[in-house]
């Protein structure tokens, strides 16, 4: 079923069944460009009857909209609703009755986004090159106690501070694995002499 205006342009395409025919599906995809749910914009969508076909809703372009699988399920099973306004715009509602606001359009991408980003970095004094994100790690063994001391400011005042007692019972600020006299025991660094006593 196809309706034309006096100039011969197609004004409505429809079908007598619930299934959307290929020509109507192409027209729907061309009009909606993807899921119409606010904020979604997925390019692939399923045809949804705004006024359900079982309730007398026709399979026409004016009664159809594209919804992605997730939002199509939300409308049918989770209580969300969609209505077409008199001006042709769609209005989406939550299960509690509140209306969903329209999402703003995505910002335009500049012609040279990399150049703009480089200029912004130069203005901020950032020298970013291919080696910026390269780690300085050379494969050495991880010193867990030292890493905790550096990363967590309160680790030094906990029950096992990084300062350890040497043989003369004086606190020294050695790193736990710097001395062969030290042996790690389940995250706690103790001297061999302390373990013997």
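Checking the condition within 21 Å of residue 100 (Cα to Cα), surrounded by 12 or more Cβ atoms within 10 Å (Cβ to Cβ) and assigned by TED's automatic domain parsing to the domain that holds residue 106, which residue from 31, 18, 25, 69 passes?
69
Considering only residues that are under 29 Å from the mean Cα position of the chain (by Cα) and touching a residue at least 12 places away in the same chain (Cβ under 8 Å), which ones fall in segment 17-32?
28, 29, 31, 32
Exactly one condition in (1) modelled with pLDDT of 55 or more; (2) in contact with a strand residue (DSSP E or B) (Cβ under 8 Å, 6 or more places away or on another chain) is not met by residue 154; state its number.
(2)
For residue 116, all conditions in the list (1) surrounded by 10 or more Cβ atoms within 10 Å (Cβ to Cβ); (2) touching a residue at least 60 places away in the same chain (Cβ under 8 Å); (3) out of contact with any strand residue (DSSP E or B) (no Cβ under 8 Å at 6 or more places or on another chain) hold save one; what is the number of the exception?
Condition (2) is where residue 116 drops out.
Of the conditions (1) in contact with a helix residue (DSSP H, G or I) (Cβ under 9 Å, 6 or more places away or on another chain); (2) in contact (Cβ under 8 Å) with a residue 24 or more places away in the chain, residue 57 fails just one. Which one is it?
Looking at each condition in turn, residue 57 falls short on (2).
Would you tally the residues in segment 24-41 being within 17 Å of residue 70 (Cα to Cα) and touching a helix residue (DSSP H, G or I) at 6+ places or on another chain (Cβ under 8 Å)?
The qualifying residues number 3.
The values are calculated or read from the model by the stated rules, or taken from the named source; none is laboratory data. Every value quoted in this text rests on a predicted model; they were computed, and no experiment measured them. Neighbour counts are summed over all protein chains in view; Cβ atoms, including those assigned to glycine, are modelled from backbone coordinates with ideal geometry.
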